[in-house]
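Trainee: Right, I'll just put the structure down here and ask away after.
The numbers here are math on the coordinates, done by the rules we state, and not lab data. Here the structure is a predicted model, which means the values were calculated and not measured. Positions of Cβ are generated from backbone atoms using ideal geometry, with glycine treated the same way; all protein chains shown enter the neighbour counts.
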Amino acid sequence: MNLKSLFRHEMLLAILLAIVLVILSFQSDKFFTVSNLLNQGRLMTETGLIAIAMTFIIATGGIDLSVGSILGLTAILTGVFWQNVGLPLPLAAAAAIAVGTFAGFVNGIIITRFRVPPLIATLATLALYRGLAEGISQARSVRGYPEWFYVLGQGNVLGVPTQLWLLLIAAVVASIILGYTRWGRTVYAIGNNEVAARFSGLSVERTKVALYTASGFAAAVAAVIFVSRVSTTRSDMGTGIELDAITAVVLGGTSIFGGRGTIAGTIIGLCLIQALKNGLSLAGVKGDGTIMLIGAVLILAILVSNLFERSGTR
Amino acid sequence: MAMTDLDIPPVRPSRAVQRPGAIQRLMSDYGQEIVVLLAIVALFAFVTMINPRFISANNLTTIFAGNAYIAVAAIGMSMVIITGNIDVSVGALIGVLATISGTLAVAGYPVWVAWFAPVLIGMAINGLIGVLVAYARIPSIVVTLGALSILRGGLISATGGTWISDLPPAFMVAQKKLFGLPVPLVAMVVLTLLAAAWMRYSAFGRSLYALGGNPEAAVATGIPAERRIVAVFIIHGFFAGLATILFATQLQVIQSTVPPNLELTIITAAVIGGVSILGGSGTVIGSTLAAILFATIGSALIFTNVSAYWLRAVIGLLILATVLADMFRRSRRI
Amino acid sequence: MGKVLLSAILALSFSTSLSQAQSAWTGGDDLPTNPLACDATAPTPTAKPYDGGVPTNAPDRKGKTITVVDVPKLVGIGYFNATSKGIADAAKEMGTMNAKTDGPSKANIDDQITLIDNYITSGVDGILFAANDPVAIAPVLKKALAAGINVVGYDANSTPDARQWFVNQAEFNGIAKSMVDAMAAEVGEEGSFAIVTSTFTTPNQARWISEMAAYQAKCHPKMKWLETVEAQEDNILSFNQANTLINKYGDELKGIFGMTSVATPAAADAVTQANKCGSVAVVGLATPNAMKPYVSSGCVKSVVLWNPVDLGYAAAYVMRAVADGDLKGGATSVKAGKLGELSVINGSEILLGAPFVFTKDNINDFDF
């Protein structure tokens, strides 16, 4: 695969994003303002972190449906560790993130060691982790965090929402790893042909376990940000976020069959969805109209990109 | 669990002694189905010991008929998955079709129109999805993720969520009995057996396995891959339509919203039933058994007084155990 | 494999041991309860200072046409259709309010927050909301107040300081009393009953269950609570759960409480189809249209609810009064169009009225 074909979809998508931004700014003068755009960045951070990790997984031809449940479990544990166990809040959050990361590691083990297909494995843990969150929480919310904790989810650093810095750092680091390291090439190699990757001496199993662990970590970090943003914990937090993340990733040009995809694409996909949600709402379109349009954009974007690709390569 | 050693070769050496024969063949053909069936039987035995009312006729009806619509929808889903595709929009589709069906019934159309309209519309919508997957070559998860949004948003903007009541009594087919058995149960069994036989013995059915197992080889042997994919999605729409009839006629009101997580339940039933998500294997008998297993678990947890707070954790654990048992069985068989 | 199984067994035993330790009345919250008196004596209202929030630098909106957005828990269910209709009716009547309803398609805290955030940016004059979570919604509502937007809640409250007023459809303990009294009247003082609810995390339902437990212990001490089951907002699941309860307890089960407008008709259908009408009572919260078949067949005798159309209507009038500056902290009542004067309770709440019990005689007078 050459770099050209890799960036074809991302280019198309970036042009589409630019067009959408222009149209939406004409629809509402409130849309293209610094404060609104930064605020949208705040709202998309949790999905964004998960989508970045999901890009790696989908690029290997896998999938992780359990991220929303890991988010819920980590959120609940943050509250329980802090209030019921009595740990200091930073330690409680770290411990909860550790458990969320371990949940991702368990996914990886089930997938590699027991050779359960990722979709089935994470479908099962989707139910399991959500169930654990519900059982541990006993339907109780933990509230009343100290003020400083809200800086993460509601505050600003240098005028930019705190969590947006995290998303930016994660995006840059992930782009470098996926695009320029041996590790990133291993990801594509697994996605293109897992058997061949194994025979060429790449540590397929180890890479996969690491990826699912990283996905658990991303979901866990997103959970703490989410708790800080909404100032409470609920066991149903993050329900359905896996579909939002997957939508962003595939819209961003990552092939669901693996072997292709970039972090840049995922980020553009993410921004496109968020811009549509926000801009249409500002322009007076109701929520149900917006989700219909996002569905249509998803199908059309991949359709158009497929058409271009075929006319280019054949 | 302390499993830090990740360099274990993925293919395990055989430990089981190969005993050829009828049982062996049955196990290899229907292994996962048998695992699920054993799980159902074990649950029944265990819960009945605690509370014999578990196997009362009424509770058996609740268990076997209650999830019939999931089982019927899972038949089509299994076929889609066997060809290596997936459909995450089926829950939204059933919600849309139920609303159409109920609206027609209330508007005074003959009940058979209200029954068959969802089937035809389901086939049309999924036919379109199939065309996008097969001819436009968009991965099915992308098309159906898009379709999920479109159907869900469309349903809300079309109905605004008004419930449909005052349904004519003749419409309520799921509440009727056939040969003394509830219609959903009869429909589930008959459709499952017909679909299973058709998948196993017809050339069309077998070609689906070929498509899912090895698409290139299948095309090389002359199977028209694109047309088969479209056909499978249309058949899936047909079963989704039938599932809708059972779903919409169960109660005297139709809630014109998408049932929460229905698509996930249907997909889970299909994969737990032994349909490999990578395509190429599995039967629809397994998916029906899995739908029954879910209903059995749901009922069993109430009967055994498992804390309702832990209910979903236990369901998740049982699903994981079933999957691992299947993998364990396969690794022994190699 | 063995290790996985072992951990599975451990988790299972863990869960069962916890289930043993479970107190009765699963599904309630842990907030303090305040059961009403067993007879009909009205509680003496305790005066409480205004504890709502105040918008910063709100422009003078007196008499001006205001743009209001209504963000319910979710769109696409009958109940919030009815509140939305009430808001639209009131807006039309007043002629000085542009109201529209826009909510998430699932009862999801994040989608609701995002929607409200967008409307703050687009610059509405007022926000009406029904919170999916009282605390989670608070930051975004405070942001609205800080932007000078008038914020009024209805149906499901937020923390008081995050909004100006809350239109309370009926007090939790009032609903609890109506429900438990209706059940006791049907199943007798020693009857056993079970509950079908949506999820244990739904704040209103959890609150009602807690208040019902407290009221039952106080006024109907011999009634027996069997268990609470979850059924999401899914009518077929509610139906299956109700059936399973009937099958499990047999003749011991005398009544089922439906805690949501989804669960109650489904439970009534389960009782009807099991031919248990008359021997298993169904009492619950539900909208009349969904309950008409069961009430007119005599299978369900009492449905408890307030009028959601009136609730939306009152919320719109409260919004108008707040925007005009007519309703301020310390007020004791507010005028709400055809509903007349509504009284202020709990500092910053406006009470719609006592809960309404629909019966065979009056249910056909309602259409929502």
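Trainee: So in the protein assembly as shown, which Cys have no other cysteine's beta-carbon sitting under 4.7 angstrom from theirs?
Mentor: Cysteines of the protein assembly as shown left without a disulfide-compatible partner: A:Cys271.
Trainee: Contour minus end-to-end for B:Asp166 and B:Val113, with contour as 0.36 nm per residue of separation and end-to-end as the Cα-Cα distance?
Mentor: Values: separation 53, 0.36 × 53 = 19.08 nm, distance 1.70 nm.
Length difference between fully extended and current span is 17.4 nm.
Trainee: Do any GluC sites (Glu not before Pro) in region C:136-203 lie in a loop, going by DSSP, with at most 14 other beta-carbon atoms within 10 Å of their beta carbon, and if so which? Present the calculation step by step, with values, prior to reporting the outcome.
Mentor: Values: sites: C:Glu171, C:Glu186, C:Glu189, C:Glu190; in loops: C:Glu171, C:Glu189, C:Glu190.
Passing both the DSSP loop test and the Cβ count: C:Glu189, C:Glu190.
Trainee: What area, in nm² and to one decimal, does the C-alpha convex hull of region C:172-305 cast on average over all directions?
Mentor: On the way: hull surface 26.7 nm².
Average of the hull's projected areas for region C:172-305 equals 6.7 nm².
Trainee: While we're here: Near A:Gly108, within a Cβ-to-Cβ distance under 11 Å, what is the net charge of the other residues, with Lys and Arg +1 and Asp and Glu -1?
Mentor: Values: positive: A:Arg113, A:Arg206, A:Lys208; negative: A:Asp64, A:Glu205.
That sum, taken over residues with Cβ under 11 Å, equals +1.
Trainee: Let me ask you something else. Round to the nearest 0.05 the FRET efficiency obtained for C:Ala217 and A:Phe26 when R0 = 41 Å and r is the Cβ-Cβ distance. Please report the intermediate quantities before stating the final value.
Mentor: Working: r = 62 Å, r/R0 = 1.52.
Efficiency, from the Cβ-Cβ distance: 0.10.
Trainee: For region C:81-124 and region B:234-262, compute the distance between their C-alpha centroids and round to whole Å.
Mentor: 30 Å
Trainee: Send over the semi-axes of region A:46-271's equivalent ellipsoid, whole angstrom and largest first, taken as the square roots of 5 times the C-alpha gyration tensor eigenvalues. Could the numbers behind the result be given before it?
Mentor: Working: eigenvalues 177, 79, 38 Å².
With the √(5λ) rule applied to region A:46-271, the semi-axes are 30, 20, 14 Å.
Trainee: For C:Thr359 paired with A:Asn84, estimate the spin-label separation in nm (one decimal), with each label point 7 Å from Cα along the Cα-to-Cβ line.
Mentor: Using points 7 Å along Cα→Cβ, the separation is 4.5 nm.
Trainee: Distance from the Cα centre of region B:105-184 to that of region C:166-229, in angstrom?
Mentor: 37 Å
Trainee: How many angstrom lie between the Cα centre of region C:272-316 and the Cα centre of region A:149-182?
Mentor: 51 Å
Trainee: For every other residue with a beta carbon closer than 11 angstrom to the beta carbon of C:Gly347, add +1 if it is Lys or Arg and -1 if Asp or Glu, then tell me the sum.
Mentor: Numbers: positive: C:Lys48; negative: C:Asp51, C:Asp161, C:Glu349.
Local net charge: -2.
Trainee: If a paramagnetic tag sat 7 Å from the Cα of C:Asp367 along the Cα-Cβ line, which residues of region B:140-170 would have the backbone N under 19 Å from that point?
Mentor: Zone members listed by number: B:159-168.
Trainee: Another question about this same structure. Over the Cα atoms of the protein assembly as shown, how large are the radius of gyration and the largest Cα-Cα distance (Dmax), in Å?
Mentor: My reading of the Cα-based Rg and Dmax gives 27.8, 89 Å.
Trainee: On to the next question. Could you tell me the relative contact order of chain C? Use alpha-carbon pairs under 8 Å, at least six residues apart, and round to a whole percent.
Mentor: Working: 767 pairs, mean separation 78.1, N = 368.
Relative contact order, chain C: 21 percent.
Trainee: Still on this structure, I have one more. Determine the sum of side-chain charges near B:Val106: Lys and Arg each +1, Asp and Glu each -1, restricted to other residues whose C-beta is under 14 angstrom from that of B:Val106.
Mentor: Details: positive: C:Lys292; negative: B:Asp166.
Charge balance in the 14 Å sphere: 0.
Trainee: Let me ask something additional. Suppose every K and R has +1 on its Cβ and every D and E has -1 on its Cβ; what is the size of the dipole of the protein assembly as shown about the Cα centre, in Debye to the nearest 20? Please list the in-between numbers first.
Mentor: Working: 67 positive and 60 negative charges, 553 e Å.
Value, rounded to 20: 2660 debye.
Trainee: Also, quick follow-up: Positive end of the charge dipole of the protein assembly as shown (Lys, Arg +1 and Asp, Glu -1 on Cβ, about the Cα centre): tell me which of C:Met319, A:Gln163, C:Gly28 has its Cα farthest that way.
Mentor: Working it through, the farthest residue towards the positive pole turns out to be A:Gln163.
Trainee: As a check on your grasp of the helix formula, calculate [θ] at 222 nm for chain A: sum -39500 (n - 2.57) over DSSP H runs of n ≥ 4, divide by the residue count, round to the nearest 500. Provide the component values of the computation, followed by the final result.
Mentor: On the way: 13 runs with 239 residues, N = 314.
After summing the helix terms and dividing by residue count, I get -26000 deg cm²/dmol.
Trainee: Peptides A:117-127, A:194-204: what's the order by average Cβ count within 10 Å, highest mean first? Intermediate values should be presented prior to the final figure.
Mentor: Working: A:117-127: 25.5, A:194-204: 14.5.
Per-residue mean Cβ counts within 10 Å order the peptides as A:117-127, A:194-204.
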